Amino acid sequence: MNEQNRTPDVDLDVIVVGAGFAGLYLVHSCRQAGLSVRAFETGDGVGGTWYWNRYPGARCDVQSIDYQYSWDPELEHEWEWSERYATQPEILRYLNFVADKHDLRRDVQFSTRVEGAVWDDAERLWRITTDDGVETTCRYYVMASGCLSSMKDLDIAGAERFDGETYYTGRWPHEGVDFTGKRVAVIGTGSSAIQSIPIIASQASELTVFQRTPNFSLPARNGPVDDAKRSAVESDRDAYRHSARWSSVGVPLEQATDSALAVSDEARLARYEQAWQDGTIFSLTSAYNDLLLNPASNETAAEFVRSKIRSIVQDPATAEALCPTSYPIGTKRLCLDTNYYETFNEAHVRLVDLRSTPISEITESGIDVVDGDGATSYEFDAIVFATGFDAMTGAIVAVDIAGRDGAQLRDVWADGPQTYLGLMSHGFPNLFMVTGPQSPSVMSNMAVSIEQHVDWITAAIEHLRANGLDTIEPTQLAQDGWVTHTNDFADITLFPQANSWYMGANVPGKPRVVLPYLGGVDRYRGICDQVVERDHLGFELRGADRSVVNDGVVCRVQPDVMILLEMMAEMGLPSFDTMSPVEARAFSEAMSAANPPGPEVGDVVDGTLPAADGVTELAYRLYRPATPGPHPVTVYFHGGGWVIGNATSDDALCRDLCNQSDSVIVSVDYRHAPEARFPAAADDGFAATRWVAEHAEALGGRPGELAVAGWSAGANVAAVVAQRARDEGGPSLCGQVLLSPVTDCDFDRESYRENGDGYILTKALMTWFWDHYVDVEDRSDPRVSPLRAESLVGLPPAMIVTCEFDPLRDEGNAYAEALADAGVSVRHVVARGQIHTSIVAVGALLTGAPYRAEMAEALRGFFAATVTA
Ligand code: FAD
Ligand code: NAP
């Protein structure tokens, strides 16, 4: 310790709770940074998870060669794993070896529980109380208390009455247990049970497994360390560890880029079979890119595993009971086993399905279950509770943590964890969490996630000290943004559909929110790095006499939009404004061809109608709903800046609108600039609308029920058509739906400044569009800047959607306001986290769907109002 740097008024710079994988590395890392540190650990040895979980069969489910430290490269030569998946004793030996090598126990106080932590704002320190009655102060307090260290309270009546032996997988006796000749019950079928059941069965005279929810388990295919993996590590250790850190799960993994529904049944089965043979926890659910997003895709993998269960388990009723059907595969932690399903073929092993015969109580001699109108009693010598953990938050809120103004962390988190990056919580300065809720943690190889957090925390403390500062705390804004982002990510996945511990659903009374961050290790690491690079965005850093705060939200676009932007950036696609219009149109068509097809509609008809010039024939595409007609009609204008786009580019959106609004959609290919400059598009739009009104009946429409709609420049055309129909003698329109409309030529708006670059539609591209379409002196004409119309009174009711990250946002907002001011009925929705192009991405992006539904609902409302009138 550098005496010069030592903080004089506290006992220690850093106090750590826990001496598992995380606590041990923290002790080392703090020492390296010249910080005084002490870890308190309830257990009497190091190891955490691997100290407590000594049940038979306990071993890791991430291959040992990956599930180890990387911070000491020498360790990789000094320690050799004996198996792909090391047993608990071997992992515990490893952690003891590391503790010895680096003399870590010197800074760990064992057999000591941290009970309370109080932030002293005046002294800017934490007061930590332990169960030995001692108070120790520190500047920085780190909960390395484990995601799966706090056991779930037993919620089965009568458990304390049982006269036989009881065991908990997470608190297994150090001396081991011999079940030879005993009648044993195992309650639970999670990973702990699935690992222990085959071994307990090999000893017990009778084994009864009480299963409430079946789990999906894959064969571990344990054995010697994979040669391929070993040589990959040995050939370039740094590159291998680097790719693990920048992978989605903390293990180098090939990421599938195709959908499970885009391949033949044979190809899909072959890929699943390969994953089944692979013996890893990650290979099945990453076999296709949408298995955790799309229910239909997920079902193909789930059914594959069910078919395996049925092929292994001989008794069909038992096999069926072991087949999970109530949640998508992968949304509860997958298990890895050795002979789990095979064990149920043994005569002395039986399965009790608690869904049909729930436990009524535990008695002195065994377990009673409700069986129809009666009861069945099972007698046992021993009961093993493999009932799980109060995961991710349990160990943190078990400590009385009082932050600024005495706020209790457990109260602040009463409705779910509130964190920034899963690392810190507002109101609790200098309190860090390792693999805390809302970080990837349990969704990853934890060794990698732990190292990332420890490195981040140590670096943050070093940064403070180097800058004469001593506290760090996230702002409320940054934290709220992160909580929203975490929930948004969960919402595009299937995870919320399972009653899993990921959702807090295994603990009665615990709020049901997704606990881990589902965006992946790589993306998350990038975000944490970005926060630091952007001057600790969203953190307030304070010293005795100054505060540095760069407030803000780190991830603001919707997660699927974020993924799209990342992909586009990776592909390095050229922007349209670097091309000629002809090239841009060809490029746009090529991109459209790669989009997912839109939904089926009743009928699609291509036709032509006369352009405003009386010479040109304009193509149109008509979409008819599958429901019996005639239908109301919507004339739709595609986006593309008056220069590019056609019916094909907006095909999926039109199909979606057709189905959801139950109206005929006529998508019109108005003439494009620069060949046909202003006001050709506006004139064609108006001429086409009149033509459709006149031919409504022939097109399968109901005359008089006519609306206009459009996106972007197409919404500009629609808005102009609505004005001209009012001013130039019809047709009568019952509504206008404008998605991200161009309404004005003035770029001097906040949304242009904020979003003019980086969200696909750029300021440069808008300039290119305007330049191709209309001369500068004509730009204030209401036929291209409808916001500048003399009056907006008397226009048809409008539905306007503007997107938060769109240069056109503010002019769309202005049009909505101006219409409302003119007494027009307006429904205006600002789409949070959306960009200009995201709502039209039917089938590709999920988060735009609610806005499309609202647009369709608005159309239905317009038509219904016409009928009533
Ligand atoms: P822990 O190892 O849980 O250590 C936390 C320590 O904090 C504990 O020893 C606890 O006693 C102590 N503590 C908590 N509260 C207090 C307090 N108030 N006062 C004092 N001490 C306290 N992850 C993987 O990535 N791969 C795997 O293969 C894998 N297998 C697992 C198998 C089992 C059986 C379990 C339960 C989990 C497994 N995990 C696995 C997750 C595992 O928890 C992490 O990989 C990792 O071991 C966590 O390390 P940690 O130091 O963060 O927490
Ligand atoms: P778990 O996955 O939460 O499983 C607990 C089991 O107990 C579930 O089957 C649950 O049923 C059942 N249960 C809980 N309360 C019950 C009750 N009152 N009545 C009847 N059944 C009840 O816990 P775990 O098996 O200890 O595993 C937790 C996590 O630790 C794993 O998901 C994994 O991340 C990690 N782990 C890893 C390994 C490994 O292979 N390396 C091994 C063990 C643990 P319901 O599902 O119906 O709630």
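Just the ratio, please: alpha-carbon radius of gyration of the stretch 324-364 over 2.2 N^0.38 Å, N its number of residues.
Numbers: Rg = 13.9 Å, N = 41, 2.2 N^0.38 = 9.0 Å.
Relative to the 2.2 N^0.38 Å estimate, the stretch 324-364 comes out at 1.54.
Taking the Cα atoms of the stretch 639-755, what is the range of coordinates along each of the three principal axes, in descending order and whole Å?
46, 31, 27
Excluding ligands, DNA and RNA, what is the solvent-accessible area per residue of the stretch 605-705 at a probe of 1.4 Å, expressed in Å²?
Working: 3310 Å² over 101 residues.
Result: 33 Å² per residue.
Quick one: 3J(HN,Hα) in Hz for the stretch 35-45, Karplus 6.51/-1.76/1.60 with θ = phi - 60°, rounded, Gly and Pro as x.
Going residue by residue, I get 9, 7, 8, 9, 9, 9, 9, 4, x, 9, x Hz, with x marking Gly and Pro.
Over the stretch 471-543, what number does the Rg to Rh ratio reach, with both radii from the alpha-carbon atoms and Rh per Kirkwood?
Values: Rg = 14.7 Å, Rh = 13.9 Å.
Rounded to two decimals, Rg over Rh is 1.06.
Report the Cα-based extents of the chain along its three principal axes, largest first, to the nearest Å.
Answer, in whole Å and largest first: 94, 72, 54 Å.
What is the ratio of the Cα radius of gyration of the stretch 727-869 to 2.2 N^0.38 Å, where N is its residue count, to two decimals? Don't jump to the answer; show the numbers that get you there.
On the way: Rg = 15.7 Å, N = 143, 2.2 N^0.38 = 14.5 Å.
So the stretch 727-869 has a normalised radius of gyration of 1.08.
Show me, bin by bin at 5 Å from 0, the whole-percent P(r) of the stretch 1-119 based on Cα pairs.
Calculated over all Cα pairs of the stretch 1-119, the distribution is 2, 11, 20, 21, 18, 13, 8, 5, 2, 1, 0 percent.
Whose amide H sits under 5 Å from the amide H of GLY833, counting only residues 5 or more places off or on another chain, with H placed in the peptide plane?
GLU804, PHE805
Any idea how far apart ASP178 and ASP480 come out in nm if each label point goes 7 Å out from Cα toward Cβ?
6.3
How many angstrom separate the Cα center of the stretch 65-138 from the Cα center of the stretch 339-385?
39
How about the stretch 250-302: which GluC sites (Glu not before Pro) there are in a DSSP loop, with at most 10 other Cβ atoms within 10 Å of their Cβ? Mind dumping the intermediate values first?
Details: sites: GLU254, GLU266, GLU273, GLU299; in loops: GLU254.
Those that pass, being in a loop and sparsely packed, are GLU254.
Run the helix sum for the chain: -39,500 (n - 2.57) per DSSP H stretch of 4+ residues, divided by residue count, reported at 222 nm to the nearest 500 deg cm²/dmol. Each step should come with its number before you reach the end.
On the way: 25 runs with 283 residues, N = 869.
When only DSSP H runs of four or more count, the value is -10000 deg cm²/dmol.
What is the distance in Å between the Cα centres of the stretch 644-686 and the stretch 597-622?
Computed from Cα coordinates, the inter-centre distance equals 8 Å.
If amide H atoms are built 1.01 Å from N in the plane of the peptide, which residues on other chains or at least 5 residues away come under 5 Å of the amide H of ASP120?
Those qualifying (amide H under 5 Å, at least 5 residues apart or on another chain) are LEU125, TRP126, ARG127.
Taking H placed 1.01 Å from N in the peptide plane, check which residues at least 5 places from VAL352 or on another chain put their amide H under 5 Å from its amide H.
It is VAL209, PHE210, GLN211, by chain and number.
Can you give the % of DSSP beta bridges in the chain that are antiparallel, to the nearest 5? Numbers along the way, then the final one.
Values: 42 of 107 bridges.
If I count the DSSP bridges inside the chain, around 40 percent turn out antiparallel.
If each of ASP226 and GLU135 carries a label point 7 Å out from its Cα toward its Cβ, how far apart are those two points in nm?
5.3
Quick one: in the stretch 357-466, what % of C-alpha pairs are over 16 Å apart? Before the final figure, lay out each step's value.
Values: 4199 of 5995 pairs.
In whole percent, the share of Cα-Cα pairs in the stretch 357-466 beyond 16 Å is 70.
From the mean inverse distance of alpha carbon pairs (Kirkwood) and the Cα radius of gyration, derive Rg over Rh for the stretch 630-688.
On the way: Rg = 12.2 Å, Rh = 12.0 Å.
A ratio of 1.02.
With contacts defined as alpha carbon pairs under 8 Å and 6 or more residues apart, what's the relative contact order of the chain in percent? Present the calculation step by step, with values, prior to reporting the outcome.
Numbers: 1817 pairs, mean separation 84.8, N = 869.
Here the relative contact order equals 10 percent.
Let me check I've understood the local charge: for TYR636, count other residues with C-beta under 12 angstrom from its C-beta, Lys and Arg +1, Asp and Glu -1. What total comes out?
Working: positive: ARG621, ARG655; negative: ASP650, ASP651, ASP656, ASP669.
Cβ neighbours under 12 Å give a net charge of -2.
Can you pull the percent of the chain's accessible area that's carbon plus sulfur, 1.4 Å probe, other chains left in place? Intermediate results must be reported in sequence, preceding the final value.
Values: 16200 of 32850 Å².
C and S fraction of accessible area: 49 percent.
Rank these residues by their accessible area, most exposed first, probe 1.4 Å: GLU90, GLU804, GLU303. Don't skip to the answer; put the middle values down first.
On the way: GLU90 10, GLU804 40, GLU303 70 Å².
The ordering from most to least exposed comes out as GLU303, GLU804, GLU90.
In the structure shown, do any of LYS101/LYS229; LYS182/LYS229; LYS101/LYS152 have a Cα-Cα gap over 31 Å, and if so which?
Working: LYS101/LYS229 26 Å; LYS182/LYS229 41 Å; LYS101/LYS152 34 Å.
Distance filter (> 31 Å) returns LYS182/LYS229; LYS101/LYS152.
Give the separation of the Cα centroids, the stretch 689-716 to the stretch 189-218, in Å.
64
Quick one, could you list the DSSP H helices from the chain stretching 27 Å or more along their long axis (Cα atoms) with average Kyte-Doolittle hydropathy of -0.5 or above? If you can, show how the numbers build up before the last one.
Numbers: long enough: 446-466 (29 Å, 0.36); 849-868 (28 Å, 0.28).
Membrane-span-like by this rule: 446-466, 849-868.
At 7 Å along the Cα-to-beta-carbon direction for both ASP775 and ASP236, put a label point, then send me their distance in nm to one decimal.
Here the answer is 6.0 nm between the modelled labels.
Beyond 18 Å, what share of the Cα-Cα pairs of the stretch 745-805 remains, rounded to the nearest whole percent?
49
Compute from the Cα atoms of the stretch 137-256 the Rg and the Dmax, the latter being the longest Cα-Cα distance, and quote both in angstrom.
Rg and Dmax of the stretch 137-256, Cα atoms, are 20.5, 58 Å.
Accessible area per residue for the stretch 735-822 in Å², computed with a 1.4 Å probe and the full protein assembly in place, what is it?
Counting only protein heavy atoms, the per-residue value for the stretch 735-822 is 36 Å².
Just the number please: accessible area per residue for the stretch 25-130, 1.4 Å probe, all protein chains included, in Å². The partial results should precede the final answer.
Numbers: 3840 Å² over 106 residues.
Ligands and nucleic acids excluded, the figure is 36 Å² per residue.
Please go through the stretch 144-246 and write out the GluC sites (Glu not before Pro) that DSSP classes as loop and that have at most 13 other C-beta atoms within 10 Å. Intermediate values should be presented prior to the final figure.
Details: sites: GLU160, GLU165, GLU175, GLU206, GLU234; in loops: GLU175.
When the GluC sites (Glu not before Pro) of the stretch 144-246 are filtered for loop state and at most 13 Cβ neighbours within 10 Å, GLU175 remain.
The values are calculated or read from the model by the stated rules, or taken from the named source; none is laboratory data. Keep in mind that this is a model prediction, so the values were computed, not measured. Note: ideal-geometry Cβ built from the backbone for every residue, glycine included; neighbour counts use all protein chains shown. Heavy atoms of the whole protein, side chains included, go into the accessibility calculation; ligands, DNA and RNA do not. Shrake-Rupley method; radii C 1.70, N 1.55, O 1.52, S 1.80 Å.
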